[in-house]
Amino acid sequence: MRAYILITTKPGTSEEIVKALKTLKDIKGVVQADSVYGRFDVIVTIEAENLEEITKLVYNVIEKIPNIIHTETALALFR
């Protein structure tokens, strides 16, 4: 199962958040993290066996990173 975590950050902090997320690549599930232009500041791609694993990764790991204001999760329909 693949999900995209769309992140809004405090202004000027997206680069440090991407660096923190890239260190999390060692954590099972984090595939990619990019700073982007647009409505969101960072997009993270994660893969997990099920929705429960995605939920744990978002709430227990990603949302604990300082300077993250808001996250929105988009689940991929097909893989």
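Just so you know, all these numbers are worked out from the coordinates, no wet-lab data involved. All of these numbers come straight from a predicted model, not from anything done at the bench. Counting neighbours? That spans all protein chains shown, and the Cβs are built from the backbone with ideal geometry, glycine included.
State yes or no: is Glu53 on the phi < 0 side of the Ramachandran plot, surrounded by 15 or more Cβ atoms within 10 Å (Cβ to Cβ) and of a type in the set (D, E, K, R)? It is true that Glu53 is on the phi < 0 side of the Ramachandran plot, surrounded by 15 or more Cβ atoms within 10 Å (Cβ to Cβ) and of a type in the set (D, E, K, R). Selection within segment 8-30: residues that are touching a residue at least 24 places away in the same chain (Cβ under 8 Å) and more than 16 Å from Ile68 (Cα to Cα). The member of this set that is surrounded by the fewest Cβ atoms within 10 Å (Cβ to Cβ) is Ile27. So, in segment 56-76, of the ones that are assigned to a helix (DSSP H, G or I) and in contact (Cβ under 8 Å) with a residue 12 or more places away in the chain, which residue ends up farthest from the chain's Cα centre (by Cα)? Filtering segment 56-76 for residues that are assigned to a helix (DSSP H, G or I) and in contact (Cβ under 8 Å) with a residue 12 or more places away in the chain, the one farthest from the chain's Cα centre (by Cα) comes out as Leu57.
Once segment 31-50 is narrowed to residues that are without any contact (Cβ under 8 Å) to a residue 24 or more places away in the chain and within 10 Å of Ile7 (Cβ to Cβ), the residue that is surrounded by the most Cβ atoms within 10 Å (Cβ to Cβ) is Ala33. The set of residues in segment 3-57 being polar (S, T, N, Q) and out of contact with any helix residue (DSSP H, G or I) (no Cβ under 7 Å at 6 or more places or on another chain) consists of Thr8, Thr13, Ser14, Thr23, Gln32, Thr45, Asn50, Thr55.
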